[in-house]
Each structure stands twice: as C-alpha cells, then as structure tokens.
Amino acid sequence: MRTLQRYEIVQAPHFKQQLLLWAQQFDDVVWLDSNNYQQNFSSYDAVLAVDAFTGIQTDAQDSFEALKAYQSSTKDWIFGYLTYDLKNDTEVLSSKNHDGLAFPELYFFQPKKLFLLKGTTVEMHYLNCVADELQQDFETITASPYPQEASSSSCGDVKIKLRIHKDDYFSKVRKILERIHHGAIYEANFCQEFYAENTCIDPLETYENLNAISNPPFAAYVKLFDKYILCASPERYLKKEGRKIVSQPIKGTAKRSKIPSEDNALKTALAQDDKERSENIMIVDLVRNDLSKTAVKGTVDVAELCKIYTFDQVHQMISTVTSKVAETTHPVDVIKTTFPMGSMTGAPKISAMTIIEALEATKRGVYSGAIGYFTPEGDFDFNVVIRSILYNETEQYISYSVGGAITAKSEPLKEYEECLVKAKAMRQVLEGHVKSAPPLK
C-alpha cells in the first residue's frame, strides 16, 4: 500500500530540476519528462520513480513471461526498460553482434518513492514502509539550491568513433536494397553505432544538456547502478489506458532551419515526400497487424496518417494507430505481440530483423527498445529509445546509435546524411560544443 500526499509547486521547471538532482542519491532511478510538449494521450508532465523495493532483471529466455508474472504479483507501479534484443524471446532469432554496454535485457523495479507531476501539482506516492520520510523529502527537495555549478568529473575530451564507416555503410545499404529488389522485404530499419571508449561523463549534466537542445515529449533519464540511459526520444511506442491501446510510429525525418521560410519549406517537403510517406504507411500496416493480435475484432483504427510534428531539432512524420482490447487481456501480452516496434524493424518484420542483424555491427541493446511503466491497474506507457546516449560508467563506454528506413527508393548517400541529422544533438552534447541552446521556433 502507498501513502499519497499532494503539494502545490510554484515553479514547475525549477522543481523538476531540484527533483532530478535529489534523485541522484539512489541506485535505481527512472525519470520521464514530456517537456510540456503539446500532445494527445498525455497523462503526466513528468514522473520520477526511485529506490527499488522489489525488482526483476533478465538476460535469459522467457523474459516476457517473467515480466508478466512480476507485474501480476506486484500489482503496483513498476518502472523499467525493454531492450530490442527481446526479439529473441518472441521469435527464433539471435543477437551475436558486439556489445560494449552489457545492460540487462529487461529491467523493472517497484519504487519505494514515486512522484507524479501535472501542472503545478506534484503527487508523492510512497510505500507505507517509507511514508514517514515523505514530508522531509519534499522539504529537502524544495530547499536545494538548483542549478549548481557543473561538475568536473569528465575524463577528458570525448572522442567519437564510428562502428561502421561511410563506405561500409554504403555497401551494407546496397545489400539491403538487393534484398528489397529480390522481394525478401519491403523495408528495413538499418542502424549504426557511434561510440567512445575509456571516457567518462557526468550523466545528469549530459542528460540535461541533451534535453535542453531537444525538448522531446518522451525524454527519459534512467540509472541502474553504474548504467545510464540519457534519452531524448520524440516517439511513443505503446500506451494502454483502460481498454484503449495507442501506438505512434515515426517514419520520416527532415532537418530544421533557423530561417522561418526555409523551415516551412522543409516541413512541407517532408509532408509531400513520396518515399517518406511510403515508409510511414508500410509501418502503419505492420502496426495494424501487430495490434490486431490482441484487439477486439474491428477496433484497429488509423487515427492519424503521416501527420507532421515539429521538434526542436527535426520535423517528423508520425501516424497514430489505436485499438481496443478485452478486459481479460494481460497488458504484457499486448507488448509481447507488438515488440519490437515496427518503426525500428521493417517489414515483413521477422525477415527484416534477420537481415539487419546480419548487417549491423553492434548489438542494439537498449537502443530501439522501450522505457516506461505499468500502473497498478495494468495500464502502461512506453517510449521508443532513440536519440539517446547509453553509458556504462564502470566500463567507461559511451554509445549512441541512429538508423533509417531503407526502401526501394532509398539512396545510400541521403540515408547516411539523414543519420547524421539524427545524430547531431548527441554528438554536440558529448563533444562539448553545446551546453544548451535555445530551441528553433
């Protein structure tokens, strides 16, 4: 059982900074932030879960069944992540590529302390075993003098390396195009890793700098002892609210311009781009098929098709697909039957995953997985882990990956350039060129 206390907060942005700083004392942290982005289907402005009371992490088969049992028995708020490589738990697939990060394939925990922010109100939901700390924690958080001076824990300059170099990237894309032209697949999401070795960063400072120049609606900061996910994702994977399921796949990216007329032209060009629309529609069809596995017959619906959303760094083409499930459908089954998300695989899904596994040089791990939570009622909300920096503090290994959808109309050079657009924010933050920047309007 939990004790609930509500407080009014005067300056929500300032309180959010204070709250995240206070959270750094714990080994288990999940922070989710909408950055006040105007979006449909939003439940909270921000959420913080800290200090594990119970938890589960797996690297073996039957991970979804383990999660299902854990969620069913806990019947409480649980927070965590799913890695892309859980594909091996749903299909006869494998992940044998290089892994410099070594994150558990699945991790969830039941927090002792939970904060839900909406407008100028924060709800603090504490397990009864720590309820006597509630008032003191609120006073400590609001008394902290934030912002503070940036720490100086960096091990020096971050030297970014490419796991797949440009010519090799072109060669691999051409191999995917061959498979497309031969009819094996229609589309494949091909990803590449950028990384740094023997280097350390301040995870909180890095996250805040990344978030400041991106302001995405599905930002996340995750700490699991010595492992960190610094996520500036614009994409929702899947949400369940009651019997309603919502998926919002992204396919289609255009850069921004500081010149309004050019920026509008870029946005219009994206909306009218036949290749980008084709990519998006293919994934919409895949998502519709995935949702139909648990949907009540006749309830799968495309609420938005190829709508353009604008973010600080890029314009994105997003569709919204919904369905309804029976009250008896287990929430983990909805995730299992749609995972990994179609926007990060391709179509047909299993064939695409097989091909990209053979051509990619890195095990994806948390990248193109999902971060989120389950409520006590069995609702959930998960993002897609893209535009993210992953960090193993013990191994001093930093990684970020980007990818793009390869279709019959793809040109290797344009795909490569799109990857660089997506990677820009992470690279700038890691190399120290940008501490924070005003968003494009």
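The values are calculated or read from the model by the stated rules, or taken from the named source; none is laboratory data. Note that this is a predicted model, so its numbers are computed, not measured. Please note: Cβ atoms are built from the backbone with ideal geometry, for glycine as well, and neighbour counts cover all protein chains shown. Accessible surface areas use protein heavy atoms only, side chains included; no ligands, DNA or RNA. Shrake-Rupley method; radii C 1.70, N 1.55, O 1.52, S 1.80 Å.
Distance check, please: which entries in 172/363; 258/409; 172/349; 87/251 exceed 24 angstrom between their Cα atoms?
Numbers: 172/363 16 Å; 258/409 29 Å; 172/349 19 Å; 87/251 20 Å.
From the list (172/363; 258/409; 172/349; 87/251), the Cα-Cα distance tops 24 Å for 258/409.
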(request) Please name whichever of 280, 13, 342 sits farthest to the positive end of the charge dipole of the chain, dipole taken about the Cα centre and charges placed at Cβ: Lys and Arg +1, Asp and Glu -1. (result) 280
(request) Go through 75/244; 96/336; 244/424; 161/267; 75/113 and tell me which ones have a Cα-Cα distance over 25 Å in this structure. (result) 244/424; 161/267
(message) If I histogram all Cα-Cα distances within the chain using bins 10 Å wide from 0, what percent of pairs lands in each bin?
(response) 4, 22, 33, 28, 11, 2, 0
(message) Probe of 1.4 angstrom, ligands and nucleic acids ignored: what's the accessible area per residue over the range 1-68, in square angstrom?
(response) 51 Å²
(message) Please enumerate, by chain and number, the aspartates and glutamates with C-alpha under 19 Å from the C-alpha of residue 275, excluding those fewer than 8 residues away in the same chain.
(response) 178, 187, 285, 304, 411, 415, 417, 418
(message) For Cα pairs less than 8 Å apart in space and 6+ apart in sequence, what is the mean separation divided by the residue count of the chain, i.e. the relative contact order in percent?
(response) 24 percent
(message) Cut-off 11 Å, label point 7 angstrom out along Cα-to-Cβ of residue 182: give me the residues of the range 91-113 whose amide nitrogen falls inside.
(response) none
(request) Could you rank 322, 337 by how accessible they are, 1.4 Å probe, largest area first? (result) 337, 322
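Which percent of the accessible area of the chain is formed by carbon and sulfur heavy atoms (probe 1.4 angstrom)?
Percent of accessible area from carbon and sulfur atoms in the chain: 49.
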(message) Quick check: from the Cα gyration tensor, does the range 168-287 come out rounded (a/c under 1.5), prolate or oblate?
(response) rounded
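What number do you get for the range 90-132 when its Cα radius of gyration is normalised by 2.2 N^0.38 Å, N = residues?
Dividing the Cα radius of gyration by 2.2 N^0.38 Å gives 2.02.
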(request) State the extension gain, in nm to one decimal, for the chain segment bounded by residue 225 and residue 175, taking 0.36 nm per residue of separation less the distance between their alpha-carbons. (result) 14.0 nm
(request) With a 10 Å radius around each residue's Cβ, average the other Cβ atoms per peptide and rank 2-11, 198-207, highest first. (result) 198-207, 2-11
(request) Could you state the accessible area per residue of the range 221-351 in Å², with a 1.4 Å probe and every protein chain left in place? (result) 38 Å²
(request) Work out the FRET efficiency for residue 8 and residue 54 from their Cβ-Cβ distance, taking R0 = 25 Å, and round it to the nearest 0.05. (result) 0.20
(message) Set the bar at 26 Å for Cα to Cα. Now go through 307/422; 159/422; 240/414; 223/324 and name every pair that lies beyond it.
(response) 240/414; 223/324
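If you stretched the chain out fully between residue 1 and residue 162, how much longer would it get, using 0.36 nm times the residue separation minus the C-alpha to C-alpha distance?
Between residue 1 and residue 162, full extension yields an extra 53.1 nm.
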(message) Which aspartates and glutamates, if any, have their Cα less than 15 Å from the Cα of residue 16, not counting same-chain residues under 8 positions apart?
(response) 8, 33, 45, 123, 137, 139, 205, 208
